[in-house]
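The values are calculated or read from the model by the stated rules, or taken from the named source; none is laboratory data. Treat the numbers as computed from the prediction; the structure is a model and nothing was measured. Cβ sites come from the backbone with ideal geometry, for glycine too, and all protein chains shown count toward neighbours.
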Amino acid sequence: MKPITLGVLGSGSGSNFQALLDAIRDDRLNATVAIVLSDQPDAGILDRARQQGVPHGIIDCAGHTTRFPDKEQIRVACLMKEAGVDLVCLAGFMRLVKKPLLDAFPGKILNIHPSLLPSFPGLEAWRQALEAGVRETGCTVHIVDAGVDTGPVVMQERVVIEPGDTPASLHARIQEAEHRLYPAAVSLLARSHE
């Protein structure tokens, strides 16, 4: 079976990107990563891509701290298409994807979010969960749409909130769950792609 071709967008250390690479290496995910792009020139995800020999580059958001300009989304979509990408994986990408990229990859952009959506969308979901006093949270892989963490859910994994949890300790356990869940969800979609 032909592996699914992934393109990855990230803003941070790239631990979920690494989880995807590990799953590919361990034959848990029939995929290849064709390109990694980051909006942060010094992001760890770019170092990981460089070390693994994965083509990588910078997303130029023209000095905007949160916006992802349409012109740059069009360029990113072109780069992904040129690389033969079947599925775009957001891995800690901290900008909202809008119409140009959504139209280029309809229903084929995935995100991993650190809560059990629809609960706690947006930033620092683990902190939101602690402040709300809930007993469990987790992580969600969902298809990206034009909203903030509103797209259809692909898979979820629960994480119990333990007495004495801090935002940092809870976030660390959620990330462990993310590293299991993201490759499993991509694998599920890869099978439906065949």
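Yes or no, residue by residue, for (1) in contact (Cβ under 8 Å) with a residue 24 or more places away in the chain; (2) under 19 Å from G10 (Cβ atoms); (3) surrounded by fewer than 23 Cβ atoms within 10 Å (Cβ to Cβ); (4) among the hydrophobic types (A, V, I, L, M, F, W, C):
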| site | (1), (2), (3), (4) |
| --- | --- |
| G122 | yes, yes, yes, no |
| R127 | yes, no, yes, no |
| V141 | yes, yes, no, yes |
| G151 | yes, yes, yes, no |
| Q156 | yes, no, yes, no |
| I161 | yes, no, yes, yes |
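Any chance the stretch 154-162 includes a residue that's closer than 25 Å to P3 by Cα, touching a His at 6+ places or on another chain (Cβ under 8 Å) and at pLDDT 95 or above?
There is at least one residue in the stretch 154-162 that is closer than 25 Å to P3 by Cα, touching a His at 6+ places or on another chain (Cβ under 8 Å) and at pLDDT 95 or above.
I'd like the residue in the stretch 50-75 that is in a loop (DSSP other than H, G, I, E, B) and among the aliphatic types (A, V, I, L, M) and, out of all such residues, is surrounded by the most Cβ atoms within 10 Å (Cβ to Cβ).
Filtering the stretch 50-75 for residues that are in a loop (DSSP other than H, G, I, E, B) and among the aliphatic types (A, V, I, L, M), the one surrounded by the most Cβ atoms within 10 Å (Cβ to Cβ) comes out as I59.
List the pairs whose first member sits in the stretch 9-33 and is within 21 Å of R95 (Cβ to Cβ) and β-branched (V, I, T), whose second member is modelled with pLDDT of 95 or more and part of a loop (DSSP other than H, G, I, E, B), and whose Cβ atoms are under 6 Å apart, counting only residues at least 6 apart or on separate chains?
From residues that are within 21 Å of R95 (Cβ to Cβ) and β-branched (V, I, T), the pairs are V33/V54.
State all residues of the stretch 22-49 that are surrounded by fewer than 20 Cβ atoms within 10 Å (Cβ to Cβ) and over 25 Å from A190 (Cα atoms); if no residue qualifies, say none.
Matches in the stretch 22-49: Q40, P41, D42, G44, D47.
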